[in-house]
Amino acid sequence: MFKQEGQSLVRKLNKNASVVLLCGIFMFISVLMCMSICSMPCEYTSMENKLIHQKMRQAVVVDKSNSDSIVRTNVKQYQAFLVILLLVGPNQYEERKTIRQTWLSQTPKDVLNYFVLGTENLATAERQRLEGENREHHDLLLLDTFQDSYRALTKKLLEAYKWLDANVDFQFVFKGDDDTFVHVDALLRELRQKPSHRLYWGFFDGRARVKHRSRKWAENKWVLCDRYLPHALGGGYVLSSDLVHFLALNSELLTLYNSEDVSVGTWLAPLDIQRVHDPRFDTEYKSRGCFNEYIVTHKQDRQMMHEKHKHLQRTGRLCASEYRIFLSYKYNWQVLPSMCCIRNDSSIP
Ligand SMILES: *[C@@H]1O[C@H](CO)[C@@H](O)[C@H](O)[C@H]1NC(C)=O
């Protein structure tokens, strides 16, 4: 029974063999045809893919060279040895005018200076006024990434550093305020001898008490320590461009404290850098007086600026007469920060 059935199956298969073969050939041909038909659009899309990939590669290459340029330069729009950034309010026309007429009036070519202003949500009339001012003086850095207010000072500083890092090939930046007076020649003379990397130069404080109750400057976010970390006071300090690059790269992660100088000290706290304390930066909450050695002096009103500028022009000296209001200090990095800053030496300017 089984044998017979098997034999008849073989016979049937033999009978159908030619049919099976034909079917096979037909299917093979149709598969080939199908493949050749498919191959047109398939290749077309793969060509497109190739193009897209090439473009993407190019885009990545362009991006890379962009980020390289942050270190390597000459792709950037502007070039300067020193950039002076002054944080002023939009309405401080008079302050800007005074600074332009005095200590910024004869800066060398390799110094760029900007008054930094946030234009987000600025009234049209005011914006137009600022643009007019900028057409005349070319020294406003109008950033539309933030709304200007004294509460946004730290944001303003960080936005300015980000812009600087992306657009200027520079070595140092000096940050000052609307009431800062700089002896630019002296600053440049010093800077040309300073190491161009890892420099944080100003008048440091390591024992400043945390402001919890101050209406204007309360630091409610501060939880790091009993005192603020050592920082150069905000009336004027210098950073080398590598530190600005570091801040720009990490800007998304940084805590913005109300005080911009406290913020910078905190942001740079873990870095292996040179913190250079210099009593020739008269940048405390009020001026310590007048000494011809001063490179920077803070809390200067318009009249003081004009007087200092005139005197500097006439005599090469900053002060009509030197005087002291209170003692300065040398920062002692060998002791705890709360003991850093003892005012007991009248030979320090
Ligand atoms: C100032 O105080 C420090 C620390 O107490 C001390 O080492 C230094 O000699 C003092 N300087 C003067 C001029 O008194």
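Points to keep in mind about this one:
- In terms of packing, defined here as the mean over residues of other Cβ atoms within 10 angstrom, the peptides 153-161, 331-339 line up highest first as 153-161, 331-339.
- Neighbour-count ranking [beta-carbon atoms within 10 angstrom, fewest first] of Glu260, Glu131: Glu131, Glu260
- Antiparallel DSSP beta bridges within the range 78-339, percent to nearest 5: 40 percent
- Counting neighbouring beta carbons within 10 Å and listing from fewest to most, the residues Ile295, Ile325 come out as Ile325, Ile295.
- Proxy reagent accessibility, fewest Cβ within 10 Å first, across Glu94, Glu322: Glu94, Glu322
- Three-way shape call for the range 248-327 based on the alpha-carbon gyration tensor, with the a/c threshold at 1.5: prolate
- Among Ser263, Val238, Ser347 - extreme Cα towards positive end, dipole of the range 221-349, charges at beta-carbon: Ser347
- Considering only Leu312, Val276, Phe326, the residue lying farthest towards the positive end of the dipole of the range 253-349 is Leu312, judged by Cα position with unit charges set on Cβ.
- Beta bridges per DSSP, both residues in the range 132-286: antiparallel share near 70 percent.
- Surrounding net charge for Phe291, when Lys and Arg each add one and Asp and Glu each subtract one, Cβ distance under 12 Å: +2
- Compared with the direct C-alpha span, the chain from Gln128 to Trp217 gains 28.9 nm at full extension, assuming 0.36 nm per residue.
- Shape call, the range 113-256: gyration tensor on alpha carbons, a/c limit 1.5: oblate
- Tyr78-Arg302 pseudo-label distance in nm [points 7 Å out on the Cα-to-Cβ vector]: 2.5 nm
- The range 78-339: C-alpha gyration tensor shape, a/c 1.5 cut-off, then a/b vs b/c: rounded
Just so you know, all these numbers are worked out from the coordinates, no wet-lab data involved. Because the structure is predicted, anything quoted here is derived from the model rather than measured. Please note: Cβ atoms are built from the backbone with ideal geometry, for glycine as well, and neighbour counts cover all protein chains shown.
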